[in-house]
């Protein structure tokens, strides 16, 4: 049986929703529309993807830490129920 981790699945599914644009100066911008404020840039598309991945992880951790409402992605809900 393979172990699955909900955070890894969430990141993977969110990254699948990423949109990238090549900017006028030849660099790249990436964002995940469902995750407000998750934006990154890079000189290459690969660098932009890596930066976006790191930004997404930081955004999730901050959201969890401060109990922000996170979007449900691919039926994965990271929001905690109030106690």
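List of remarks:
- Placing a label point 7 Å from the Cα of residue 20 along the Cα-to-Cβ direction, the residues of the range 46-62 with a backbone N closer than 16 Å are 46-56.
- With both labels modelled 7 Å from their Cα along Cα-to-Cβ, the residue 79 to residue 34 distance reads 1.4 nm.
- Crossing angle, helix 45-65 versus the chain [Cα axis fit, 0-90 degrees, rounded to tens]: 30 degrees
- Multiplying the residue separation of residue 54 and residue 7 by 0.36 nm and removing their Cα-Cα distance gives an extension gain of 15.6 nm.
- Rounded to 10°, Cα long-axis angle of helix 6-16 versus longest principal axis of the chain: 30 degrees
Bear in mind that the values in this text are calculations on the coordinates, not laboratory data. Bear in mind the structure is a predicted one, so any value in this text is a computation, not a measurement. All Cβ positions, glycine included, derive from the backbone under ideal geometry; neighbour counts span all protein chains shown.
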